[in-house]
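Worksheet: one structure, shown below.
Nothing in this text is a laboratory measurement; each read-out follows from the coordinates by a stated rule. Just so it is clear, the structure is predicted and the values come from calculations on it, not from any experiment. Positions of Cβ are backbone-derived with ideal geometry, glycine not excepted, and every protein chain shown enters the neighbour counts.
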Amino acid sequence: MSFMTGEHGCRFIPWNISSNIETEYISENSSTGELCMVFMALDYSFYALSQINNVHVKYESFGRESNIRIAEPPCSSVRYLQNVDLILMCQRKKVLGDSCQIHEQCKDTPNAGVCMADPQNNVPSSCQCNPGFMTYNGTCLQVNKTLYEECVIDDQCNGTSDKEALVCREIRHRKLCMCNSDYIEDNTYLECRHAKKEIRKECRINEQCTGTENANTCFTDGKGEGEEGVCTCNDQFDWIDGKCLKVGLRLLEPCIKHKQCNGTDNTDNCTEIGNNTLCYCRDGYLIFEEKCIKDTYIFQVDIKYDNVIAVTILGSMDNEIIPEESVQT
């Protein structure tokens, strides 16, 4: 240190130079992992012209203390100059978990600059992680991370209102906070929403509605942005006897329930034909040219649909019989 070993230490005013001594020493030793504080012992005044008389260094490292005295002061003793003894108290910078007395000692572990006791666990003052960080394998990791932020472990991903919603998962060789299997990502609000919701349950986005087959629509009915909707049947599906079933089925399309068969006029019967259950004309109506017409004429029509043949014999109107040659086949 140039001040203690050079001519600047032979004629100086302590009041003007004391802070510079500490600043100079710390600057020169910033890469060594040391923290030093400088004190001065003087005869009578901080404003008197002074010279360095002795330099005494107390150094603590890994729990052991050493005392070093510089044998040759930089100045020849001058009687009219006030003698000043310099005392340097130096310590190795502390890592996470080391005992400490002040925050400034805790500099060797990134984000672990707090010197604090833990009375609950009967632990004396030691270097601990800064607020907003947690201890992990001798390091301090940032917590309160939200969706899509980088992470190392699950416990970092607790920055959402539902603390259990996020996990740390590897995505394309990067570890990110992602929603767990019971949730789905809402990319608009960067939130995790409950997934696997059944019909008529509250929702915000369509992707939540996966608990009921064919009910993957979150219907808001004109509510404002961000308001809750409800899971409903998809477009072209209706809630029929405890299921979302496709409606608007046309004549001779496969069906399960009568209410599905409303895609062709007068077709509201779901009827077993052969080995199939198909939409068929209502009672009093019969098939003619892919339509259901009222039972008024007598003739025979063969309908082929998926290898199913339906033979229908129509009734009469005004007792008039249509000639056989006019019957369509």
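Would you list Ser99, Ser50 from fewest to most Cβ contacts within 10 Å?
On the way: Ser99 13, Ser50 25.
Sorted ascending by nearby Cβ count, the order is Ser99, Ser50.
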Protection proxy (average C-beta count within 10 Å per residue), highest first, orders 162-168, 129-135 as 162-168, 129-135
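Which net charge results when you count Lys and Arg as +1 and Asp and Glu as -1 among the other residues whose beta-carbon is under 9 Å from that of Lys257?
Numbers: positive: Lys243, Lys259; negative: Asp241.
Summing Lys and Arg as +1 and Asp and Glu as -1 gives +1.
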With only alpha-carbon pairs counted, each pair once and no self-pairs, how large is the Kirkwood hydrodynamic radius of segment 145-240 in angstroms?
14.2 Å
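Would you please put 193-200, 169-176 in order of how densely packed they are, using the mean number of other Cβ atoms within 10 angstrom per residue and starting with the highest? Mind showing how you got there, number by number?
Values: 193-200: 17.1, 169-176: 10.9.
Final packing ranking: 193-200, 169-176.
Cut-off is 10 Å between beta-carbons; in what order do Ile205, Ile287 appear when sorted fewest neighbours first?
Details: Ile205 17, Ile287 20.
Least crowded to most crowded, the residues run Ile205, Ile287.
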Could you please rank Tyr285, Tyr47, Tyr183, placing first whichever residue has the fewest other Cβ atoms within 10 Å of its Cβ?
Tyr47, Tyr285, Tyr183
